[in-house]
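Below: the structure, in structure tokens.
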Amino acid sequence: MARVDVVMPQMGESIAEGTLSKWLKKVGDAIKRDEPIFEISTDKVDAEIPASSGGVLAEILVTEGQTVPVNTVVARLETEVGAAIAAPAAAPPKAEPAKAAGSAGAPAKAAASPPSAPKSPSSSMSTRAESREPRAESGGNGSSLEERLRTKSSPLVRKIAAEHGVEIAGMQGSGIAGRVTKRDIMQYLESGPAAAPRASMHAPAGVDYHAPNVEPWPGDVVEPMSKIRQLTSDHMVTARRHAAHVTSFFEIDLTRVARMRQTMRAQFEQQTGQKLTYLPFIIKVVVDALKQHPVLNAAHTGNRIVFRKQYNVGIAVALDWGLIVPVIRHADDLSLSGITKAVNDLAERARAKRLKPEEVQGATFTITNPGVFGSLAGTPIIPAGTSAILGLGAIEKRPKVMAGPDGEDVIAIRTCAFFSLSFDHRIVDGADADRFLATVKRGLESYPETGV
């Protein structure tokens, strides 16, 4: 009789912990090797975790909603069918809803950690990188452990702080020994330095002192926010606050692209096995336009502009449980069929919760497509670290007044859509944005004849 530990995996170099969001199996269930056993949420992506070996789920050590360090044992498998199964009561008590809805950066409390966790409560709060550094109570310069912990916040927190010029060592966080968590840095950025003292109140996970106190009425249903909803909330508020949003709109005639798509669709699908939509045509033209208008493929940092030389296009994917933006890397190197394959693959794996954290990072420009739900136009929020996002409206046939063969006005049925470009006015002027949209318009309305 042998038991196999099931651990919280590390879903990327900078990820030190994960939230076990849902158990897909219960104690006593037979599990096949590589069969999904539980779902996790990190500050980058949601994912289903497959079993490393077959067997029977004997113990559950971490309940839904708990956040634990990577490599923590979350369950145990019995590798011999029919062996004794631990009673469900052996699992820790279920976390309270308010605690289960903890922030992305708030670590699990030591009391909630599984008894078999490989790290002590103190060390489990640190990232892998921190565990390689000396843990002296004070450094040679007299710095205290508390100050060192604040400085050594998670890689994600340090990255956010660096992007916004925030000195972590000067903050009092809500973590152990004043360690600054992701929620601390987000609250600081949202409300400015004046909000820093509030972090010293040691707010429980999920509490936002800057939000209005909304009391439920009789009959209301109150649910904790999911992990992905919390992350979306934090990212959108931060992005909206730290970019000067302006949106321009262009109506673009897609009749030529529609005809080409119709003509080549059967051959394309036969040769590639992929369905051909409008999106790959749009991505290809957008990437060409970004090369001509580099400030739309740039980022603002302090009083500098970073002009990206990679063309990594984020594609927003609407899921039943939230929104995620996987990234097509080096889109300028891909053909029409290559872009199609990349879009379909990323969207499919996003819906199956099989994306890797690095596949939702590093976008230099983003495209969102609310038109698939019938929206004519929108004003999307610019993702942090980029200067613009393109919104695609519904593609419809419309009557348009056009010039006839003799120069007279005629009414024709054309396939059109409204494109909206939200841009950061700190580095992108209205003229830059409109020139970019005009380039995209010309590219799509005169799209060259092309093969698969």
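The residues neighbouring Arg442, those whose beta-carbon lies less than 12 Å from its own, together hold a net charge of 0 under the Lys/Arg +1, Asp/Glu -1 convention.
Backbone amide hydrogens, once placed in the peptide plane, bring Val74 within less than 5 Å of Val6, Val7, Met8, excluding anything fewer than 5 places away on its chain.
Distance between the pseudo-spin-label points of Lys356 and Lys400 (7 Å out from Cα toward the beta carbon): 4.2 nm. Normalised by the number of residues in segment 227-352, the mean separation of alpha-carbon contacts (under 8 Å, six or more apart) gives a relative contact order of 22 percent. Here the gap between Lys309 and Leu323, fully extended at 0.36 nm per residue and compared with their Cα-Cα distance, gives a gain of 2.4 nm.
Other residues whose C-beta falls under 13 angstrom from the C-beta of Asn312 contribute a net charge of -1, scoring Lys and Arg +1 and Asp and Glu -1.
The gain in end-to-end length when the Ala412 to Asp34 segment is fully stretched comes to 130.5 nm, 0.36 nm per residue minus the alpha carbon separation. Converting phi to 3J(HN,Hα) with the Karplus coefficients 6.51, -1.76 and 1.60 and the offset θ = phi - 60°, segment 272-289 yields 10, x, 10, 7, 9, 10, 6, 4, x, 4, 5, 4, 4, 5, 4, 4, 4, 5 Hz in sequence order, with x at every glycine or proline. Note on segment 337-452: dipole from Cβ charges, positive end direction compared against Ile413, Ala388, Ser337; the farthest Cα belongs to Ser337.
Exceeding 29 Å between C-alpha atoms, which entries from my cross-link table qualify? They are Lys25/Lys341; Lys356/Lys441; Lys159/Lys291; Lys32/Lys182; Lys159/Lys356. Pairs exceeding 29 Å: Lys25/Lys341; Lys356/Lys441; Lys32/Lys182. The listed residues Arg398, Arg329, Arg33 rank as Arg33, Arg329, Arg398 when sorted by accessible area, largest first, using a 1.4 Å probe. Counted residue by residue at 0.36 nm each, then reduced by the alpha carbon distance between them, the extension gain from Arg265 to His330 reaches 20.9 nm. Taking amide H positions as modeled 1.01 Å from N, with prolines and chain starts lacking one, the residues under 5 Å from Thr301 and 5 or more places away or on another chain are Val306. Applying the criteria of a DSSP loop state and at most 15 other Cβ atoms within 10 Å to the trypsin sites (Lys or Arg not before Pro) of segment 337-412 yields Arg354. A straight line joining the Cα centroids of segment 207-272 and segment 405-452 runs 22 Å. By a 1.4 Å probe calculation restricted to protein chains, Met236 has an accessible surface near 70 Å², given to the nearest 10.
For Glu359, the accessible area of its heavy atoms, probed at 1.4 Å with every protein chain present, is near 40 square angstrom.
The values are calculated or read from the model by the stated rules, or taken from the named source; none is laboratory data. These figures come from a predicted structure and were not determined experimentally. Every residue, glycine as well, gets a Cβ built from its backbone with ideal geometry; the counts of neighbours run over all protein chains shown. Just so you know, the surface numbers come from the protein's heavy atoms only, side chains and all, with ligands and any DNA or RNA stripped out. Shrake-Rupley method; radii C 1.70, N 1.55, O 1.52, S 1.80 Å.
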